[in-house]
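First the structure, in the form of structure tokens, and then the observations on it.
The values are calculated or read from the model by the stated rules, or taken from the named source; none is laboratory data. In this text, all values refer to a predicted model and were calculated from it rather than measured experimentally. Don't worry about glycine lacking a Cβ; one is built from the backbone with ideal geometry, like all the others, and counts go over all protein chains shown. Protein only, heavy atoms only, side chains kept; ligands, DNA and RNA dropped before computing areas. Shrake-Rupley method; radii C 1.70, N 1.55, O 1.52, S 1.80 Å.
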Amino acid sequence: MFLKLKCAAVVGIDCLPVEVEVDINKGQTNFNVVGLPDVAIQESKDRIHSAIKNSGFNYPFNFRILVNLAPADTPKQGSAYDLAMAVGIIAINNNFKIDLNNSIFAGELALNGDLRHINGVLPLAIFAKNTGIKNLFIPKCNVEEASLVDNINIYPCENLTQVVEHLTGQKAIPIFKKSLTATTENEDCGLDMAMVKGQDFAKRALEIAAAGNHNVLMSGPPGSGKTLLARTFATILPPLSPEESLEITKIYSVSGLLKEGLITKRPFRSPHHTISNVALVGGGRIPKPGEITLSHRGVLFLDEFPEFPRAVLEALRQPLEDGVITISRAQGTLTFPASITLIASQNPCPCGFSSDPTQECTCSASQIANYQKKISGPLLDRIDLHIEVPRVKFEKLTSDETGETSAQIRDRVTKARAIQHHRFENLNIFTNSEMGNKEIRQYCQLGADAIEMLRQAVSQLNLSARGYNRIIKLARTIADLENCGNIELKHVAEALQYRNNKQ
């Protein structure tokens, strides 16, 4: 006998349809799974066998069981197919007449028949909605993230017996009602810009970066406050839009890092400089998101920038330029979203004091040159703001004066982002840093005096075409912070201050 059920395979951060075809015929007892299953799926045969028996159902002995996961040329991985396979076997063995055409089944089975948590439920729910499938049977512990998608019936399942009783009409599973609460994890990190003494120039640069989603490189001696500024940067970022929240939650769902509910805080990722290329970019036999994608619509903070391996740093080129990262493997090519704000910090030399007016540098000229060469010119060219973070003087450290709070700065940043949202409402971009050449020509008109200043800057600073465009986008953000419709000469002048003239 033959039965077909619906499931889905998570590929990247999206889902592809998978049909679980179960066929049982008389013969020597055997259980095979075909359709490019991974080890976890192959091992599901023993889990399903025990779960069916321990749930009180008869397991078909002296029968040959064949499960095909179609399409057969798409690799399948994970334990989410357990539930669909078990339901198919029980339905055929007991000759149940049930309608499975409008339902998706996903869940890992314990040996006693209980259902365990699986990854990627949010993309699965989005897939069900987009394909018109109304019913979603998933583990009870996954229903919070699935409920973020409207217009589908979500059935929270505790065990295999409960699913079978629902399908046969013995005892219905109540449809899960969407909760109005959302996660507020990491909302208060205990940091505030008012706590940072001095560093007004760096604070202004970070405000511009937050407003336009621009990349920043901070350079200064040890203890000058670079790490504190970077971590406090997260407190001046604007709130996530509903679309951004869903996008980030989807990534974390696939990665198995989602707790419960919708993510409402922008990600802040700070990997150690010993991170591998694959861990940063993403990858594996079937590629998974790395730290860059986990920072999507948030911050990727790389402390001790020159200490990262050269291959790891060069992997940042594509995401900083295109806002996506493409991973190619023998089994296919996947593209992950990677619209990040890169905040990097470094010392100016190995000892850290070449730019310090009070502490003598012990490095030779060749050591300093070799240290600075660890970061390539093309990568530096993709960073919009290059700022010096000098040592804070004693008078500033002991002063009772407090600067602006994060809330005050965030208010200006949010207003600037609102201007950009209105500007790009019909486009698939959110911030000024994402503008291409077409958008720059349309939204970044310059006066004759500003053009003349840029002409001199291109000549004196040896700016590339990319650097020229990034200065214009930076000036557009500065104008937005002042609620100016046109880019003025002062906006271009300030943008040029943040450009590294050592490139």
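What to note about this one:
- Odd one out for residue 72, checked against (1) assigned to a strand (DSSP E or B); (2) farther than 24 Å from residue 161 by Cα; (3) open to solvent by less than 70 Å² (accessible area, probe 1.4 Å): (1)
- None of 375, 383 is touching a Phe, Trp or Tyr at 6+ places or on another chain (Cβ under 9 Å), of a type outside the set (Ser, Thr, Tyr) and closer than 29 Å to residue 320 by Cβ except 375.
- Restricting attention to the range 331-342, the residues being over 30 Å from residue 390 (Cα atoms) and either part of a loop (DSSP other than H, G, I, E, B) or open to solvent by 10 Å² or more (accessible area, probe 1.4 Å) (or both) number 7.
- Any hit, the range 5-13, residues being open to solvent by 50 Å² or more (accessible area, probe 1.4 Å), closer than 18 Å to residue 164 by Cα and of a type in the set (D, E, K, R): yes
- Condition check for residue 216: crowded, with 23+ Cβ neighbours inside 10 Å, farther than 30 Å from residue 56 by Cα and touching a strand residue (DSSP E or B) at 6+ places or on another chain (Cβ under 8 Å): yes
- When 476, 466 are checked against the criterion of being surrounded by 14 or more Cβ atoms within 10 Å (Cβ to Cβ) and either touching a residue at least 12 places away in the same chain (Cβ under 8 Å) or in a loop (DSSP other than H, G, I, E, B) (or both), 476 stands alone in meeting it.
- In the range 102-119, the qualifying residues are those that are touching a residue at least 40 places away in the same chain (Cβ under 8 Å), open to solvent by 40 Å² or more (accessible area, probe 1.4 Å) and assigned to a loop (DSSP other than H, G, I, E, B), and the one that is farthest from residue 256 (Cα to Cα) is 112.
- Of the residues making up the range 424-448, just one is more than 30 Å from residue 297 (Cβ to Cβ) and surrounded by 11 or more Cβ atoms within 10 Å (Cβ to Cβ), namely 447.
- Residues (outside any strand (DSSP E or B) and open to solvent by 10 Å² or more (accessible area, probe 1.4 Å)) located in the range 313-325: 314, 315, 317, 318, 320, 321, 322, 323
- Residue list for the range 153-207, filter: at pLDDT 90 or above, part of a loop (DSSP other than H, G, I, E, B) and more than 30 Å from residue 403 (Cβ to Cβ): 158, 168, 169, 170, 171, 172, 173, 174, 175, 176
- From 306, 350, residue being assigned to a loop (DSSP other than H, G, I, E, B) and over 15 Å from residue 255 (Cβ atoms): 350
- Residue 130 open to solvent by 30 Å² or more (accessible area, probe 1.4 Å) and in contact (Cβ under 8 Å) with a residue 24 or more places away in the chain: no
- Any hit, the range 62-69, residues being in a loop (DSSP other than H, G, I, E, B) and under 17 Å from residue 24 (Cα atoms): yes
- Inter-residue pairs, beta-carbon under 7 Å, first within 12 Å of residue 293 (Cα to Cα) and in the range 305-331, second open to solvent by less than 10 Å² (accessible area, probe 1.4 Å) and assigned to a helix (DSSP H, G or I), 6+ apart: 316/379; 319/292; 325/292; 325/293; 325/319
- Whenever a residue of the range 385-404 is closer than 21 Å to residue 222 by Cβ and among the aliphatic types (A, V, I, L, M), it has no partner that is modelled with pLDDT of 90 or more and exposed (fewer than 12 other Cβ atoms within 10 Å of the Cβ) lying with C-beta atoms less than 7 angstrom away and at least six residues away or across chains.
- Subset of the range 384-403 (residues that are open to solvent by less than 80 Å² (accessible area, probe 1.4 Å) and touching a helix residue (DSSP H, G or I) at 6+ places or on another chain (Cβ under 6 Å)): 384, 385, 387, 389, 403
- Qualifying position, being loosely packed, with under 15 Cβ neighbours inside 10 Å and either closer than 17 Å to residue 159 by Cα or not hydrophobic (A, V, I, L, M, F, W, C) (or both), among 46, 82: 46
- With respect to (1) over 33 Å from the mean Cα position of the chain (by Cα); (2) surrounded by 12 or more Cβ atoms within 10 Å (Cβ to Cβ), the lone exception for residue 365 is condition (2).
- Restricting the range 368-383 to residues that are without any contact (Cβ under 8 Å) to a residue 12 or more places away in the chain and outside any loop (DSSP other than H, G, I, E, B) leaves a set whose member that is most open to solvent (accessible area, probe 1.4 Å) is 370.
- Meets criteria (open to solvent by 10 Å² or more (accessible area, probe 1.4 Å) and more than 29 Å from residue 25 (Cα to Cα)) for residue 148: yes
- Among the residues listed as 355, 328, 345, the single one being under 29 Å from residue 462 (Cβ atoms), among the polar types (S, T, N, Q) and assigned to a strand (DSSP E or B): 345
- Residues of the range 347-362 that turn out to be open to solvent by 30 Å² or more (accessible area, probe 1.4 Å) and either in contact with a strand residue (DSSP E or B) (Cβ under 8 Å, 6 or more places away or on another chain) or more than 14 Å from residue 389 (Cα to Cα) (or both), as a count: 8
- Scanning the range 9-28 for residues that are more than 17 Å from residue 255 (Cβ to Cβ) and not in a loop (DSSP other than H, G, I, E, B) turns up 16, 17, 18, 19, 20, 21, 22, 23, 24, 25, 26.
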